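A short reminder: the numbers here are calculations on the coordinates, not readings from a lab. Keep in mind it's a predicted model, so treat the numbers as computed, not measured. Cβ placement follows ideal geometry from the backbone for every residue including glycine, while neighbour counts extend to all protein chains displayed.
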Amino acid sequence: MSPLGARPRGAASAPRHACGVFGVYAPGQPVSQLTYLGLFALQHRGQESAGIAVSDGQTITVVKDMGLVTQVFDERTLASLQGHLAVGHTRYSTTGSSSWQNAQPVYRSVGDAGFALGHNGNLTNTAELAAELGMLPGMVGERSRVDSTTDSALVAELIARAWPAEARSDGRDLERSLEAVLPRLQGAFSFVLMDDSHLIGVRDPHGFWPLVLGRLDGGGWVLASETAALDIIGAHHVRDVQPGEMVVIDATGLRREHRYAEGDPRLCLFEFVYFARPDTRLYGQSVHAARRRMGEELARQAPVAADMVMPVPESGVPAAQGYARVSGIPYGDGLVKNRYVGRTFIEPTPQLRGLGVRLKLNPLREAIEGKRLVVVDDSIVRGTTTRQVVAMLREAGAEEVHFRVSSPPYRWPCHYGMDTGRRGELLAADLSVGEIREYLGVDSLAYLELDRLRRATGAQPSAFCTACLTGEYPVPVADADGDRKRVLEEPFLDLRPVDAAG
Ligand code: AMP
């Protein structure tokens, strides 16, 4: 029996991304079009739904729907979204249902006022907060799932309840309510928020997910998950929003840079490995250059005699280039990727499921036949794709397949906003590298060591969350009985969706 014989395997789909957030304050500029372009640049962070909220100073209008940014918005819709201030969101649910209600930004009205919120992340104390609010009687501690939108709606509810009964004349109610709420939130959150005349960006004290501040040449301020989104709209990167910081932008410019909590930076290390666009900068480092260095380190750590180094496109490309450079083995393409396959193919039947990877990747027989290949990818999570890729390469005549992975074994579920599945779905959760090698059917297998990976980022090695690799969770996560533990088998507590209109 294969080592995986008894393992309950998850659906063949690839793991999912965190969300993308964007915000812009730019009177006199087409803010909804800028937000559209920003979201388009962040499409890789979430393909399930997209939404934009825009304010003209009086009214906030929200348009959101299921689908890609280009499917949700057309010119006519954008032209109707007039204003000077907007926030946007692309979503890939961390878990749970995909439905219009769960698309973001979340809008909430409070008396005569209203605000919109876009969230990248996952709170770890949703159950306590919901129980405090009396929102989910009898549900806390039961087993089901929380999704990011549920916590976003919960945060909106908390803000609404903290809202002063009488509006102040300075119009800073959102900022004040938020300040009252932030210390109560635990877990991962990069928020963009707006009312009719303020744009606010917030990062949790660990800064699990990125959030950057940019400036438009013609005047105006931008918030975005990644610097690549700034480049695309012609904004320049001013700085990162710091872990534990709230920034407030209004008619007077960047009015407030407020540290509401002491920061202990723990950016998701996988942003460097896989999630972020290669043309993004994280901690001041080029992601593309860091990925090349990961490949170089991998070649030093795990050399092998071979005829060609090839990537699993596209995520494995820079690391494969790095491996080839250091090893001196020629770099080549052995798989062609269909550029138009955006999100994972929906696999309704076993036959179609088998086709899943082939729809995305097709081997170049003439390039690989009779060759000893070093195949480089950034990660193996569930192993479904990798196993099929290896089988395809063998069918196409590869003589040897030496698999090299530019990150360590992915062993623990993420509780901070990445849906990579439960522990039982993670290939490396309880298999040794030797067993994984056998399961994948490769001649040799090596994963990049964690210290080498950290070094390759070029950033401060301690400034990362490595929970998925080490099981050390910077923010404790609660198990299904509500006990606080640092390590968990199951990723989420049970909660029903919170009624956002409540
Ligand atoms: P698998 O063999 O099914 O684990 O898939 C491995 C592939 O998934 C690699 O090419 C990775 O680049 C990719 N991958 C890693 N993390 C994620 C993620 N969070 N979402 C989608 N794909 C991912």
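Some notes on this structure:
- Note, ³J(HN,Hα) from phi for the range 363-375, Karplus 6.51, -1.76, 1.60, rounded to Hz, x at Gly and Pro: x, 9, 3, 5, 7, 10, 4, x, 9, 8, 9, 9, 9
- Euclidean distance of C-alpha centroids, the range 449-478 and the range 64-132, integer Å: 30
- 16 Å reach of a label modelled at ALA305, 7 Å along Cα-to-Cβ, counting backbone N of the range 392-414: 399-402
- The protection proxy used here, the mean number of other Cβ atoms lying within 10 Å of each residue, ranks peptides 169-179, 284-294 as follows, highest first: 284-294, 169-179.
- Separation of the LYS337 and GLU166 label points, Cα + 7 Å toward Cβ, nm: 5.9
- Cβ-based exposure ranking for SER197, SER80, in which fewest neighbours within 10 Å come first: SER80, SER197
- Each Lys and Arg contributes +1 and each Asp and Glu -1, all at the Cβ; summed about the Cα centre of the range 19-266, the dipole is approximately 220 debye.
- Here the spin labels are modelled as points 7 Å beyond Cα on the Cα-Cβ line, and at GLN29 and ARG358 they lie 4.8 nm apart.
- Ordering MET194, MET66 by the number of other Cβ atoms within 10 Å of each residue's own Cβ, fewest first, gives MET66, MET194.
- Taking every DSSP bridge with both residues inside the range 268-417, close to 30 percent are antiparallel.
- The value given for the range 19-266 is a Kirkwood hydrodynamic radius of 17.7 Å, derived from the mean inverse Cα-Cα separation.
- Rounded to the nearest Hz, the phi-derived 3J(HN,Hα) couplings of the range 420-426 under the Karplus curve 6.51 cos²θ - 1.76 cosθ + 1.60 (θ = phi - 60°) are 10, x, 7, 3, x, 8, 8, where x marks glycine and proline.
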